[in-house]
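Novice: Starting off with a structure, shown below.
The values are calculated or read from the model by the stated rules, or taken from the named source; none is laboratory data. In this text, all values refer to a predicted model and were calculated from it rather than measured experimentally. Positions of Cβ are generated from backbone atoms using ideal geometry, with glycine treated the same way; all protein chains shown enter the neighbour counts. The accessibility values were calculated without ligands, DNA or RNA, using every heavy atom of the protein model including side chains. Shrake-Rupley method; radii C 1.70, N 1.55, O 1.52, S 1.80 Å.
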Amino acid sequence: MPRAGLSRKALTETALAIIDEGGPRAFDNLTLAAVAAKHGVSTPSLYKHVGSLADLRRDVALESVRAFTRALSRATVGRAGADAVVSLAEGMRAFAEGTPARYLAAQHAGDPDEPADAAIIEASAETFEVTTSALRGYDFTPDRAIDAIRVFRSAIHGFVLLELEGGFGLPRDLDISFDALVIMLVRGLEELARD
């Protein structure tokens, strides 16, 4: 008989709380044992609700993608052109700073050949749509839009990772450097749109 209070949803919420408390790499270090300990049960008790650690991590990634998409949508709603790009960049950085492990969990792309990843792929498509909408003012062709999104995402993600992991040691305000990155991206997107 399943233990009262335990459910797949409850385990996912516990796992999210664990990674929120555990720093940027907590998603990669998530274990069933840690989740079981929070509930005061043995690890095998969890298997009545979740099939494996991979299943739990998939649920955590899905919730993280959904939260990331909501944050980006809030940041960019009603904005266009360079204003939308700046807001998108700031929204990505703010989400990463506020919930670093969820940010990193949200970066896990689903495997199209894995049926269990279908929900993550669908949720990630919504993130892609929010990003595409923010770049819509540039009138990219569909292929160029993919290039633009990849470049934008790579640049912001790289900055965010370095920031989260203490990779910037020079005595310069990180906000100023981030603003410089965003200015370069906006100008680069404008140039890419002219090509």
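Novice: Quick check on my filter: what residues within the range 129-160 are part of a loop (DSSP other than H, G, I, E, B) and in contact (Cβ under 8 Å) with a residue 12 or more places away in the chain?
Specialist: Of everything in the range 129-160, those that are part of a loop (DSSP other than H, G, I, E, B) and in contact (Cβ under 8 Å) with a residue 12 or more places away in the chain turn out to be L135, D139, F140.
Novice: Across the range 166-181, what is the total count of residues that are free of Cβ contacts under 8 Å to residues at least 24 places away in the same chain and in a helix (DSSP H, G or I)?
Specialist: Number of matching residues: 6.
Yes/no matrix, rows are residues, columns are (1) in contact with a Pro (Cβ under 8 Å, 6 or more places away or on another chain); (2) under 27 Å from E129 (Cβ atoms):
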residue	(1), (2)
P24	yes, yes
V41	no, no
P44	no, no
Y47	no, no
L72	no, yes
A80	no, yes
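Novice: Another question, if that's okay. Name the helices (runs of 4 or more DSSP H) wholly inside the range 1-117 in which the number of residues that are open to solvent by 30 Å² or more (accessible area, probe 1.4 Å) is 2 or more.
Specialist: Per the criteria, 8-21, 32-39, 53-76, 81-98.
Novice: Which of the following residues is within 23 Å of G81 (Cβ to Cβ), acidic (D, E) and assigned to a helix (DSSP H, G or I): E163, E191? It would help to see each step written out before you state the result.
Specialist: Numbers: E163 fails: within 23 Å of G81 (Cβ to Cβ).
Of the residues listed, the single one that is within 23 Å of G81 (Cβ to Cβ), acidic (D, E) and assigned to a helix (DSSP H, G or I) is E191.
Novice: Going by the conditions given, is A193 in contact with a Phe, Trp or Tyr (Cβ under 7 Å, 6 or more places away or on another chain), free of Cβ contacts under 8 Å to residues at least 60 places away in the same chain and either closer than 24 Å to A61 by Cβ or open to solvent by less than 30 Å² (accessible area, probe 1.4 Å) (or both)? Explain how you work it out, then say what you get.
Specialist: On the way: in contact with a Phe, Trp or Tyr (Cβ under 7 Å, 6 or more places away or on another chain): yes; free of Cβ contacts under 8 Å to residues at least 60 places away in the same chain: yes; either closer than 24 Å to A61 by Cβ or open to solvent by less than 30 Å² (accessible area, probe 1.4 Å) (or both): no.
No; evaluated as a whole, the condition is false for this residue.
Novice: Counting only residues that are farther than 22 Å from G23 by Cα and among the hydrophobic types (A, V, I, L, M, F, W, C), which one in the range 156-179 is least open to solvent (accessible area, probe 1.4 Å)?
Specialist: Looking at the filtered set, the residue picked out is I176.
Novice: I'm trying to understand the selection: among the residues of the range 26-82, which are of a type in the set (K, R) and over 19 Å from I156 (Cβ atoms)?
Specialist: Correct list: K38, K48, R57, R58, R66.
Novice: How many residues are open to solvent by 60 Å² or more (accessible area, probe 1.4 Å) and among the hydrophobic types (A, V, I, L, M, F, W, C) when one looks only at the range 128-155?
Specialist: Counting residues in the range 128-155 that are open to solvent by 60 Å² or more (accessible area, probe 1.4 Å) and among the hydrophobic types (A, V, I, L, M, F, W, C) gives 3.
Novice: What do you reckon, is A123 more than 21 Å from A61 (Cα to Cα) and surrounded by 13 or more Cβ atoms within 10 Å (Cβ to Cβ)?
Specialist: Considered against the rule, which asks whether it is more than 21 Å from A61 (Cα to Cα) and surrounded by 13 or more Cβ atoms within 10 Å (Cβ to Cβ), A123 comes out as no.
Novice: Here is a further query. Any residue at all in the range 78-87 that is of a type in the set (S, T, N, Q), farther than 30 Å from L185 by Cβ and modelled with pLDDT of 95 or more?
Specialist: no
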